[in-house]
1. I'd like the full set of residues that are touching a strand residue (DSSP E or B) at 6+ places or on another chain (Cβ under 9 Å), within 24 Å of Gln280 (Cβ to Cβ) and surrounded by fewer than 18 Cβ atoms within 10 Å (Cβ to Cβ), limited to segment 138-163.
2. Please give the number of the condition Leu103 fails out of (1) at positive phi; (2) touching a residue at least 24 places away in the same chain (Cβ under 8 Å); (3) surrounded by fewer than 15 Cβ atoms within 10 Å (Cβ to Cβ).
3. Only one of Val43, Val18 is of a type in the set (A, V, I, L, M, F, W, C), over 28 Å from Gln111 (Cα atoms) and either without any contact (Cβ under 8 Å) to a residue 60 or more places away in the chain or not assigned by TED's automatic domain parsing to the domain that holds Asp86 (or both); which?
4. Let me confirm something: among Asp222, Asp215, Asp251, which residue is of a type in the set (Asp, Glu) and farther than 25 Å from Gly132 by Cβ?
5. Condition test on Leu198, is it in the same structural domain as Leu232 (by TED's automatic domain parsing), surrounded by 18 or more Cβ atoms within 10 Å (Cβ to Cβ) and modelled with pLDDT under 95?
Amino acid sequence: MNWQPILEQIHLITGQTVTQVTASRLMGGDISAAYRLQTEQFVYFIKLNRPEQFAMFQAEAAGLQQLAATHTVRVPQPMLCAKTDDYAFLVLEFIELHSLTPLAERLFGEQLASLHQIEHAYFGWHQDNTIGSTAQNNPVSHDWPHFWRDCRLVSQLALAAKNGYRGHLQALGERLCVKLPLLFDGYQPKPSLLHGDLWSGNVAMDLQGNPVLFDPACYYGDRVVDIAMTTLFNRFGNGFYEAYQATYPLDENSSLRTTLYNLYHILNHLNLFGSGYLKQAERMIESLLADLG
């Protein structure tokens with residue numbers, strides 16, 4: 001790996017002249033390669049991908065900057081985002097991370113609730129981004145059910161059809177999209193700033209026990225989207241939910257929309273990782289249709 005182009009960019013940003021560097025490949029990450037880059041003075045976290053993924057890194061950096069500006073939860077500081085002929089790269093502050101303790105989970109529940117209390121005038125975001133490596137469109141909208149249907153479910157179902165998942169999945173998806181507004185009868189969420197990809201693998205704690213949030217897919221939406229995803233792959237501890245609820249209580253019927261919001265992520269996993277998620281997606285839609293009658 002030739003690190004010189006990245007070191008030259010770091011020099012332009014920081015003025016630091018680097019003569020020695022040690023790079024270590026880090027585990028984890030299904031989308032991008034990750035490295036710990038040690039220089040004489042600093043340590044950086046580097047994400048690498050193909051040059052055509054430059055916009056993905058730009059949007060990630062923008063999301064981190066917006067989260068940092070809320071002063072609610074710690075995020076890695078983005079330093080620079082650039083590309084060469086061979087790869088795109090994102091340089092972040094390196095934070096030594098550890099799994100959340102029960103105390104840190106409780107603190108994160110309070111901090112996430114504070115983040116979600118930051119509201120906006122519309123749903124969507126000021127730019128498109130990605131969920132994993134899948135394009136995520138964030139147009140300005142004042143109609144949340146239509147935004148979720150058209151910009152989340154319809155887009156994933158269309159991609160699934162392109163990937164060969166037609167038939168039963170598409171028939172179920174069409175029925176759900178017609179009935180989807182019924183899930184929002186009497187419920188009008190406010191546009192909260194979301195992390196957007198909030199599973200347990202995207203939050204940890206630093207050496208001082210402070211929660212650290214990373215790998216965002218930000219936009220303004222129903223805050224239940226974030227809470228729902230925390231239950232999808234590896235549910236957080238009870239202290240997290242208790243602290244969140246004590247700080248910013250959820251609507252008593254918010255669980256009705258949990259499956260709807262998590263369906264988006266399961267469809268995305270179907271499109272990214274293959275047919276192992278097909279039956280789960282179909283079962284989730286069938287469950288929602290049964291609830292709707």
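1. Passing the criteria: Asp150, Leu159.
2. (1)
3. Selected residue: Val18, the only one of Val43, Val18 that is of a type in the set (A, V, I, L, M, F, W, C), over 28 Å from Gln111 (Cα atoms) and either without any contact (Cβ under 8 Å) to a residue 60 or more places away in the chain or not assigned by TED's automatic domain parsing to the domain that holds Asp86 (or both).
4. The conditions single out Asp251.
5. Criteria not met by Leu198.
A quick yes/no check of all residues on (1) under 30 Å from Val73 (Cα atoms); (2) in a helix (DSSP H, G or I):
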site	(1), (2)
Val178	no, yes
Pro181	no, yes
Phe233	yes, no
Phe236	yes, no
Leu260	yes, yes
Lys279	no, yes
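The values are calculated or read from the model by the stated rules, or taken from the named source; none is laboratory data. Since the model is a prediction, treat every value here as computed from it, not as a measurement. Reconstructed Cβ throughout: ideal geometry from the backbone, glycine too, with neighbour counts over all protein chains shown.
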